[in-house]
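Take a look at the structure set out below.
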């Protein structure tokens, strides 16, 4: 007889774990087999399910119980006429049963198994007898005639119980496109496995749930797990790529060549593809260089040379004058800013041995226009110490 895996057929219902079921009886009968609280109608000839019922008229007994003391020799008992019968094994050994229409019906150990402590609900059809046999020892079968089928409910709490699916219990391709409706799984209904060190597949995820090792309450993002970056093609769907530790990769490149990323201890090679970037125009320059003069002259003296079309961002400076004099910063091109000489600060007056310190090096105090050098001009030739902190780009 064909085996039906009930657990795989009711994924999404709130029901306890399912045992393996098999169709029984004689030609043409349709049976309702139940393990725990799930009901599946199966054809006894093919062993295939004919329907799965989740809402129905509740089972109602319609007669007296019939009891059968099952041994290793087949025996039978009449339960009368009924649409559905509840068959309970109240003993400690499995009883194999079969239905029949006369007292001549005989059971064998290839019949439908009713396990110790189990109750199943079966569609009786035109059958009025049930025969039972054990493979070892004795057990008691109680048959209750009636109509309807039991309602499907959860277990474990008022909010419903859990379903356990054994590894491999859901076959590849078991769910057709659209078979699981949008919104069927609410937030937190599927646990998160975290980063993986094995293949990131739905089959692996389900096996972890079955093994009880699934963790928190979020659905993981799956990606292709491989040792190299993915090759993307236009108009093609590509999986997110992960390294062998389950860390997601992000490819930065020009569409055909990825930027080289190496460990800090690895030397760069001339053939490495590089990422070319520039500073944001909104970046706040931080001083990364310094310069000084020990003796400013009565004419402009260069303190920071120009460099192409870069700007000079002065974010700190100090001046100490040995004699009374006036000092200012200027910019320009040529030798000592001789061409296009322009003041960039006001004239600062100092008494003998006077001075000033300004700025923190974190933000510019003044900016020299692109393509110009920075110079210092003093009103006398007395020794004047000037220091600047700057960034140039």
Ascending count of other beta-carbon atoms within 10 Å, so fewest first, for 329, 393: 393, 329
Post the alpha-carbon centroid distance, the stretch 58-87 to the stretch 331-352, in whole angstrom. 112
Radius, Kirkwood style, for the stretch 289-392 when every pair of distinct Cα atoms is counted (Å): 13.4
Residue exposure sequence - 344, 312 - by fewest surrounding Cβ within 10 Å: 344, 312
In what order do 96, 390, 313 fall by count of nearby beta-carbon atoms within 10 Å, going from fewest to most? 96, 313, 390
Added length on full extension, which subtracts the Cα-Cα distance from 0.36 nm per residue, residue 263 to residue 284: 4.6 nm
Label-point gap, in nm, between residue 295 and residue 358 - each point 7 angstrom along Cα→Cβ: 2.6
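Values in this text are rule-based calculations from the coordinates and carry no lab data. Just so it is clear, the model here is predicted, and its values are computed rather than measured. FYI the Cβ positions are ideal-geometry reconstructions off the backbone, even for glycines, and counts take in every protein chain you see.
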